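The values are calculated or read from the model by the stated rules, or taken from the named source; none is laboratory data. This one's a predicted model, so the numbers in the text were calculated from it and none came from an experiment. As a convention, Cβ positions derive from the backbone with ideal geometry for all residues, glycine included, and neighbour counts pool all protein chains shown.
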Amino acid sequence: MPILFPVNATGHGGQEQLNVLSYSNIDSDTEGNRYYAHALVAWVYYGFVMYLIFRECLYFINLRQAFLISPFYGNRVSSRTVLFLSVPEPYLDERALRKVFGNSVQHIWITGVAKDIEKLVAERDKVALKLEKAEVKLIKLANKERIKALKGASADDQKTQPPLDAESGSIAARWVPTKKRPSHRTGLLGLIGKKVDTIDWCRSELTRLIPETEAAQANYLSGGAKKVPAVFIEFKSQAEAETALQVVPHHAGLQMSPRHIGIRPQDVVWSSLTLPWWQRLVRRYAVLAFISALIIFWAVPVAVVGVISNVDSLETLSFLTWLKKIPTIIMGVVTGLLPSVALSILMSLVPIIMRLCARMSGEPSLARVELFTQNAYFAFQVIQVFLITTVTSSASAVAEDLAKNPTGVTGILANNLPKASNFYISYFIVQGFSVSASVISQVTGFVIFTLMYKYLAGTPRALYKKWANLSGISWGSTLPVYTNIVVIAITYAAIAPLVLAWATIAMSLFYFAWRYKVLFVTDTELDTRGLIYPRAIKQLFTGIYLSELCMIGLFGASVAIGPLVLMVIFLIFTVLFHISLNAALNPLLYNLPQSLMAEEEQRRLELASSISNEKNATNGTVPLLHAHDTPKKSNFLVRFLKPWVYADYFRLRSYLPQTEVDFGVTEQLEAEAYLPPSVTAQPPLLWLPRDQAGVSSQEVAHTGKILPITDEGCELNDKNKIEWDQDGARPPLWEPHVIY
């Protein structure tokens with residue numbers, strides 16, 4: 001900016017306002033030599049950006065390797081388990097697989113078809129929760145009538161209660177007549193069909209569904225289910241799992257491939273495991289074709305937004321002269337704020353579609369779904385938010401000039417393309433202030449939580465889940481928005497450098513807002529093993545390529561031969577640098593080196609030996625193997641320029657825990673880890689609020705003969721509201737956190 005601002009401002013191009021500071025203010029006829037400044041600044045700036053990408057990738061790879069190999073992560077079941085897809089039928093046998101992978105195998109899970117079990121479990125749980133709601137409703141109705149009736153009653157009347165083993169509902173019948181008991185119709189959507197007592201009907205259904213479900217589960221566990229071409233294999237160590245991941249396990253192409261490691265059981269997309277290799281290929285190409293068509297279709301409304309951003313430029317056209325009658329203030333809002341808001345709303349629908357496409361393409365885990373969404377949504381962001389909007393904004397601004405002089409399209413667009421940057425200044429302002437304010441204030445979350453917790457949560461289960469569960473972040477749809485903002489800033493850096501200032505302000509606001517949200521508001525739901533971030537970093541090359549191509553086009557339109565040649569040379573250098581970077585770093589990014597895992601294994605042996613001998617142990621840690629030399633302290637510039645020395649694996653590994661961690665995985669949980677959830681799912685525990693009339697106690701006694709139920713830890717107060725001790729003992733629905 002300090003170089004290009006004066007170069008552009010004194011370019012005698014006749015521009016006004018913010019356009020004075022852009023490339024378009026240079027008169028190509030008299031000030032053509034000024035374009036060398038843009039070319040040289042582009043060399044320096046984009047060269048620096050590429051070094052930053054290289055440095056950040058190298059630093060992140062070392063940090064990722066240190067974290068994944070550390071005991072905190074490396075000892076997890078998921079870190080030692082590899083998923084093999086498209087497994088040939090002869091290898092859907094445990095003995096055959098052990099023959100291939102040898103004694104390093106600890107557990108093998110051969111996946112089977114579990115659709116029938118899933119339907120039974122879903123129906124069983126649906127009926128059970130319906131019973132819970134009906135029981136809670138009955139208890140609240142009885143307690144409400146009891147409070148009314150006993151306000152003036154004697155103490156003896158209040159103590160009179162039927163025994164718990166009396167006829168079901170006898171205590172409730174004292175306060176609630178039969179016609180007011182919870183009921184529903186058994187037909188479609190509960191609107192037609194026979195009207196039945198909900199509690200009695202649910203108990204009857206559960207006595208049928210629970211045994212049927214248990215029989216289906218037992219049949220699956222005994223090997224009665226049809227096998228599908230997917231196998232989970234747990235190895236005895238992380239190193240052996242990584243070896244199995246990196247070798248070629250089968251002699252035929254596309255067999256036992258693709259392979260994935262680090263997939264947690266709760267993240268598996270079980271429906272994707274049933275796909276054969278040919279169907280996986282067909283689905284992948286079909287989804288890519290659909291996304292391409294969707295991008296073309298989506299260009300229409302996005303183009304309209306781009307035209308609106310420059311609608312004031314269209315008033316010179318004869319059939320749009322009425323635009324001159326619109327007040328200046330309203331026109332400013334329409335051209336400045338409205339397009340940015342409309343574009344944000346329009347793009348919010350895309351991630352939903354992308355996640356559906358990811359599942360349809362056969363992605364085997366939720367983490368892979370997020371990675372797919374990140375790529376697809378980033379493509380949407382760049383094409384729709386950036387390219388389409390830029391082109392339509394520029395074209396609409398020069399519509400009349402193009403109509404009068406179609407042959408001068410290159411010169412006209414070269415003069416007006418930089419002006420489209422004004423739209424993105426507005427876009428950054430809207431995004432920066434509105435998004436950061438929304439993220440920090442959490443107004444939407446507060447309103448939703450308050451409404452749902454106070455008015456819509458009618459059972460103890462709903463209250464507990466709403467209170468105990470934190471919201472998650474969908475990085476696949478969140479990060480591309482900010483990656484695209486950086487891409488836009490990089491692209492316009494040498495064309496309209498003012499964009500950089502507003503992009504910096506916006507990104508600073510995003511940083512502080514999201515830092516607060518990640519640390520204090522949200523929880524991590526998905527584990528991509530750190531692959532989201534480097535993918536976003538590499539996507540910044542898009543901005544470099546777009547900027548270089550734009551500048552080549554602008555120099556060509558301005559007939560600036562010297563700067564044009566310089567940019568072509570730099571484009572070739574960028575391509576070679578990008579190819580070399582991927583070739584050097586991709587193997588380290590997607591695989592864990594055997595040398596480092598050998599180092600870690602030896603370090604663990606030394607740690608165990610030192611602890612047992614009570615020697616060389618300080619605060620439960622010991623030095624790394626071979627005591628790698630620690631670089632001498634140096635200044636910031638040297639540390640910045642040499643990350644391979646001052647931020648290598650061994651330096652970063654020393655910052656991480658070196659002691660073993662208990663993940664809470666018992667032998668039984670480990671043995672059942674990669675079975676379909678429906679195969680091991682037990683009937684849900686029903687949780688009722690306790691009432692003074694004793695209705696809950698009697699319902700627990702009778703329903704408890706069918707499935708687990710309790711009324712502990714929750715009660716109805718004098719206002720007939722549900723209360724549970726949020727700060728006291730663990731509620732009945734609490735489950736220990738198991739890290740797979």
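Numbers below:
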{"item": "Selected residue (criterion: surrounded by the fewest Cβ atoms within 10 Å (Cβ to Cβ)) from residues of segment 125-151 that are hydrophobic (A, V, I, L, M, F, W, C) and in contact with an Asp or Glu (Cβ under 8 Å, 6 or more places away or on another chain)", "result": "LEU150"}
{"item": "Flag for VAL447 being part of a helix (DSSP H, G or I), surrounded by 14 or more Cβ atoms within 10 Å (Cβ to Cβ), at negative phi and hydrophobic (A, V, I, L, M, F, W, C)", "result": "no"}
{"item": "Helices (runs of 4 or more DSSP H) lying entirely in segment 629-678 (those with 1 or more residues that are at pLDDT 80 or above and surrounded by fewer than 16 Cβ atoms within 10 Å (Cβ to Cβ))", "result": "636-641, 667-671"}
{"item": "Test: LEU546 is in contact with a strand residue (DSSP E or B) (Cβ under 8 Å, 6 or more places away or on another chain), at pLDDT below 90 and either not polar (S, T, N, Q) or not in a helix (DSSP H, G or I) (or both)", "result": "no"}
{"item": "Flag for GLU56 being more than 27 Å from PHE541 (Cα to Cα), of a type in the set (Asp, Glu) and either at pLDDT 90 or above or under 34 Å from the mean Cα position of the chain (by Cα) (or both)", "result": "no"}
{"item": "Any pair with Cβ under 7 angstrom, 6 or more apart, that starts in segment 91-104 at a residue that is free of Cβ contacts under 8 Å to residues at least 24 places away in the same chain and of a type in the set (Gly, Ala, Ser) and ends at one that is surrounded by fewer than 17 Cβ atoms within 10 Å (Cβ to Cβ) and in a helix (DSSP H, G or I)", "result": "ALA96/PRO90"}
{"item": "Count - residues of segment 486-525 that are out of contact with any Gly (no Cβ under 7 Å at 6 or more places or on another chain), of a type in the set (A, V, I, L, M) and surrounded by fewer than 16 Cβ atoms within 10 Å (Cβ to Cβ)", "result": "4"}
{"item": "Of residues in segment 59-100 being among the polar types (S, T, N, Q), outside any helix (DSSP H, G or I) and modelled with pLDDT of 90 or more, the one nearest to LYS236 (Cα to Cα)", "result": "THR81"}
{"item": "Given (1) of a type in the set (D, E, K, R); (2) over 25 Å from the mean Cα position of the chain (by Cα); (3) at pLDDT 85 or above, index of the condition ARG529 fails", "result": "(2)"}
{"item": "Within segment 455-499, tally of residues that are of a type in the set (Val, Ile, Thr) and over 20 Å from the mean Cα position of the chain (by Cα)", "result": "7"}
{"item": "Of the criteria (1) at pLDDT below 85; (2) buried (at least 19 other Cβ atoms within 10 Å of the Cβ), which one THR483 fails", "result": "(1)"}
{"item": "Matching option when the condition is free of Cβ contacts under 8 Å to residues at least 12 places away in the same chain and of a type in the set (D, E, K, R), among GLU715, GLU660, GLU672, GLU699", "result": "GLU672"}
{"item": "Number of the condition not met by VAL77 [criteria: (1) within 16 Å of PHE573 (Cβ to Cβ); (2) buried (at least 17 other Cβ atoms within 10 Å of the Cβ)]", "result": "(1)"}
{"item": "Residues being within 15 Å of ALA114 (Cα to Cα) and of a type in the set (Gly, Ala, Ser) - total across segment 252-284", "result": "2"}
{"item": "Residue check for LEU131: modelled with pLDDT of 90 or more and within 30 Å of LYS180 (Cβ to Cβ)", "result": "yes"}
{"item": "Given (1) outside any loop (DSSP other than H, G, I, E, B); (2) closer than 30 Å to LEU221 by Cβ, index of the condition VAL700 fails", "result": "(2)"}
{"item": "Of all residues in segment 679-688 being out of contact with any Ser or Thr (no Cβ under 9 Å at 6 or more places or on another chain) and assigned to a loop (DSSP other than H, G, I, E, B), the one that is nearest to VAL105 (Cα to Cα)", "result": "GLN682"}
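So that you can scan it fast, the table gives a plain yes or no per residue for (1) over 43 Å from the mean Cα position of the chain (by Cα); (2) part of a loop (DSSP other than H, G, I, E, B); (3) in contact (Cβ under 8 Å) with a residue 40 or more places away in the chain:
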position: TRP175; (1), (2), (3): yes, yes, yes
position: ILE192; (1), (2), (3): no, yes, no
position: VAL196; (1), (2), (3): yes, no, no
position: TRP201; (1), (2), (3): no, no, no
position: SER204; (1), (2), (3): no, no, no
position: GLU212; (1), (2), (3): no, no, yes
position: ALA218; (1), (2), (3): no, no, no
position: ALA225; (1), (2), (3): no, yes, yes
